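The values are calculated or read from the model by the stated rules, or taken from the named source; none is laboratory data. Fair warning: this is a prediction, and the values are worked out from it, not measured in the lab. Using ideal geometry, Cβ is built from the backbone for each residue, glycine included, and neighbour counts are taken over all protein chains shown. The protein model used for the area step is the full one, side chains on, heavy atoms only, and it has no ligands, DNA or RNA in it. Shrake-Rupley method; radii C 1.70, N 1.55, O 1.52, S 1.80 Å.
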Amino acid sequence: MVGVQAALGRLCDPAAEVSCHYLVGADGCVYRLVAEEARAWHAGAGQWGPLDDVNSSSIGIELDNPGNAPFAAAQMTALELLLADLMARWAIPPEGVLAHSDIAPLRKIDPGPRFDWARLARQGLAIWPDAGPAQFDGIVFRDAARRFGYGDWPLPDLLRAFRLRFRPWALGGGDARDMGMMQDLATRFPVDRVIACA
C-alpha cells in the first residue's frame with residue numbers, strides 16, 4: 001500500500017480477506033482494527049516452531065512503510081509503547097515478538113531491512129543474538145534455526161530470513177557470524193520455551 005489511508009482501506013475491506021489488530025502510521029498514529037481477542041488475517045500461511053496457524057495465536061501489527069525506507073521516529077516511539085503494553089497485558093516474552101519475514105520468508109519481507117530490531121531489543125521488546133565465533137555448517141545452522149523456531153525451509157531462504165532480521169546488509173554465503181548468532185538464538189531462546197509461554 002502507498003500510505004496509511006490506502007492500507008486502512010485494504011485492511012478494512014472484507015473482500016480483501018486480510019487485516020491486522022493494529023496499524024501504526026508513519027506519523028505515530030495507532031489504528032486498532034481488530035479486537036485483540038479475535039483472529040486477524042495478517043500472517044497468512046506461516047509457521048513458527050510447531051505453530052502452523054500463526055493468525056490464531058498472535059497479535060498482528062502492520063507498519064506504514066514501503067519496506068525499504070527508514071522508519072519515522074514518531075512511528076517507532078508509538079510502536080514501542082504499543083509493544084510494551086501488549087507484552088505486559090498478554091505476558092509475551094521478548095522472543096515472542098516476530099517479523100512476518102520470520103514466519104513466512106518465502107512470501108514476506110516485512111518489516112524489511114531498515115527496521116531497527118536492535119533498538120527494540122535494547123528496551124526488552126525483542127531479542128538480539130550474541131555472535132560467538134563458529135565455523136559455518138549448513139546442517140548445523142538449519143538445526144539451530146529449527147530449535148529457534150524457523151521452519152524447515154531451504155538453506156538459502158532460511159539464511160535470507162535470518163539475515164533480513166539480524167544482518168540485513170550481509171552478503172554472500174553463510175559465515176561464522178551467522179553461525180554464531182544462530183547458535184546463540186537456539187540456545188537462549190528455543191521455540192519450545194516461547195510456545196510454552198504463549
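Of note:
- The Stokes-Einstein estimate for the stretch 1-67, based on a Kirkwood radius over Cα pairs and taken at 10 °C with 1.306 mPa s viscosity, is a diffusion coefficient of 128 µm²/s.
- Counting only heavy atoms of the protein chains and using a 1.4 Å probe, residue 59 has close to 40 Å² of accessible surface.
- Nearest-0.05 FRET efficiency for residue 171 and residue 73, computed from C-beta distance (R0 25 Å): 0.30
- Selection from 183, 65, 23, by position along the positive dipole direction of the chain (Cβ): 183
- Farthest positive-ward along the stretch 44-169 dipole, Cα basis, beta-carbon charges - from 75, 115, 47: 115
- About its Cα centre, the chain has a charge dipole of approximately 300 debye under the convention of +1 per Lys or Arg Cβ and -1 per Asp or Glu Cβ, with nothing else charged.
- Using equal-weight Cα scatterers in the Debye expression, the normalised intensity of the chain in log10 at q = 0.10, 0.12, 0.15 Å⁻¹ is -0.40, -0.58, -0.93.
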